[in-house]
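Heads up: the structure comes next, in structure tokens.
The values are calculated or read from the model by the stated rules, or taken from the named source; none is laboratory data. Since we're looking at a predicted model, the values are computed, not measured. Here the Cβ positions follow ideal geometry from the backbone for every residue, glycine too, while neighbour counts run over all protein chains shown.
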Amino acid sequence: MPMDAKLSEALAKAAAAERQAEEQKRAQKRPQNRWWTEPAAERRAAVAKNWRSMLEWIVQGKASRDGALEAFLSVYGTEEYGTLSFEGRTRKIMFLHVELARALLAKVPVPRALADAYRVWARGHADTSGTRLAAEAARRVARAEPALRDAEAVARRAHALAEKATAALAKLRTEQAAELESFNADNTWLKRRLTPQGREEHAALLARHEAAAQALVLEAAESRSAAELAEGEELFAQDELRSARAELERVRGRAVKAEADLLAPVGFDATEGQPLSLVDVPAGRGWMGTADFGSQAKPEETPLRRVDLTVPFQAAVYPVTQILYLTVAGDDPSRFPHPLSPVNRVSWYDACRFCNALSDLCGLERAYHIEDATGRVVWRRKAAGYRLPTEAEWERAARTDATFEFAGADDLRQVGWYADNSRGTPRPVGALRPNPLGLYDCSGNVWEWCHDGYAADQYRRSEPVDPVGPDDAPTKVIRGGSASNVEERCRVAARGDAPPEGVDVFLGFRVVRNATG
């Protein structure tokens, strides 16, 4: 049995086993209102497990990539999944994971493997119209090159004919002169004058010479004219080829720039050994909240207080983008698809799972322990892996030591996407000005999950040293505002909250990790 067929059979058995297990769970009437027991979450987990089980088959050559993908789709179908068809989304994820698996099995360092997966995606998606234009320009060059060769060949043949006609005319003139000289030697002038036959012979000789000469003159003129026309066609073909090659170079240049622009915000730093750009946020004292006076002050933002953070940390320069989430988690649930826009429609639990997956890829200790039975998330505070910032950490990183109302400016238009400039859609990260620490999009674009449970009176009751909200709170803190909010909601002091299992098109997250060394 071919290996692709074996793979298809194995997938069918796996899917049947998963369906049976799901039916048993339903029979047990397990609660369906929790993130870890939702059928959609279980399905995603099963799909991800089967993807990973196939990767080694593909990389080792036991099954072709296309064959494995077709086998997978024959089992799971092409139902709608998010904003893209399940088939289209699966193809993208499969391709990324195969490339990532190739790099990992080749012992490539994980950050570089992630970077390579990014670049594979970027080459295919940086500029789809540019790819089409490049193909058209390449076809134009392919047509122009043989056209130029043909024009050059025609010009060479025309020049050769003109030279041949000119040489034949010169030869004819020489032969005519010799023949006339011979005729004159045999017939004196007197004899030619006196003999009618001699005069006729002389006239016939001159007429024949003139006719032959005129024929060669006409042939040479026609050849020279053809050569000039051929030279014109050759010049035209040369211009067309130069133009086609220049257009191809311009299109390729635009594609290279588009790819560079797509990869620029990713910020792979090989020296640090991490797959995304981080900035150091030192430990120390900073402000948190809003003064008790002012038209924009909210009760949950007061009182304004000093907070001490005793542990330095590193914060991601950008919110997690859709392409990073897709590469690491194998899924992109976002409503507004764009590789460099912040991932959205992710729950707090999704963000925690992403942090663990990224930590695994980078060989770091997981910052979160997720209990299988209850789904409870426990933060390992000393772990070096990626995690969500606490509310105090988020505000210190966004506010820094400045007194700006927003993250890096008092004019929100300079630093954030909000209702007045975003057209109601999350925008690609890094397009506006960063805050003094070098972080982008802390104000506006998408709300960002924090680790803390939300409490409206948190600032009044919590300790001022390394404060963290209550774990048992029904909602989690979100900060920063979004592209759908007015200015007031995008202030660095503005607070919000959402249920941890909830998702929203204007809700994403940013990762941090404890500083090392």
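Okay, here's what the table says:
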read-out	value
Leading residue by the ranking (nearest to the chain's Cα centre (by Cα)) among those in the range 203-242 that are exposed (fewer than 13 other Cβ atoms within 10 Å of the Cβ) and among the polar types (S, T, N, Q)	SER225
Conditions (1) modelled with pLDDT under 90; (2) β-branched (Val, Ile, Thr); (3) farther than 16 Å from TRP449 by Cα: number failed by VAL415	(1)
Matching entry among ASP452, ASP441 (being buried (at least 23 other Cβ atoms within 10 Å of the Cβ) and touching a helix residue (DSSP H, G or I) at 6+ places or on another chain (Cβ under 7 Å))	ASP452
LEU507 crowded, with 21+ Cβ neighbours inside 10 Å, within 17 Å of ARG345 (Cα to Cα) and touching a residue at least 40 places away in the same chain (Cβ under 8 Å)	yes
Qualifying residue in the range 422-431 (condition: in a strand (DSSP E or B) and either of a type in the set (Ser, Thr, Tyr) or closer than 24 Å to TRP348 by Cβ (or both))	no
Failed item, numbered, when VAL465 is tested on (1) more than 25 Å from THR321 (Cβ to Cβ); (2) in contact with a helix residue (DSSP H, G or I) (Cβ under 6 Å, 6 or more places away or on another chain); (3) of a type in the set (A, V, I, L, M)	(2)
Hits in the range 471-495 - residues which are over 30 Å from the mean Cα position of the chain (by Cα), farther than 18 Å from THR425 by Cα and buried (at least 20 other Cβ atoms within 10 Å of the Cβ)	LYS476, VAL477, ARG491, VAL492, ALA493, ALA494, ARG495
Residue match in the range 410-424 (condition: closer than 27 Å to VAL377 by Cβ and within 30 Å of the chain's Cα centre (by Cα))	no
Filtered residues of the range 430-473 (kept if of a type in the set (D, E, K, R) and touching a residue at least 24 places away in the same chain (Cβ under 8 Å))	ARG433, ASP441, GLU448, ASP452, ASP457, ARG460, ASP466
Any hit, the range 481-493, residues being at pLDDT 95 or above and at positive phi	yes
Hits in the range 243-282 - residues which are part of a loop (DSSP other than H, G, I, E, B), modelled with pLDDT of 65 or more, surrounded by 14 or more Cβ atoms within 10 Å (Cβ to Cβ) and out of contact with any helix residue (DSSP H, G or I) (no Cβ under 7 Å at 6 or more places or on another chain)	SER277
Single match in ALA147, ALA153, ALA168 (criterion: surrounded by 14 or more Cβ atoms within 10 Å (Cβ to Cβ), at pLDDT 80 or above and either in contact with a Ser or Thr (Cβ under 9 Å, 6 or more places away or on another chain) or in the same structural domain as LEU216 (by TED's automatic domain parsing) (or both))	ALA147
Matching helices (runs of 4 or more DSSP H) fully within the range 291-403 where at least 1 residues are touching a Lys or Arg at 6+ places or on another chain (Cβ under 8 Å), assigned by TED's automatic domain parsing to the domain that holds PHE509 and modelled with pLDDT under 90	322-329, 348-361
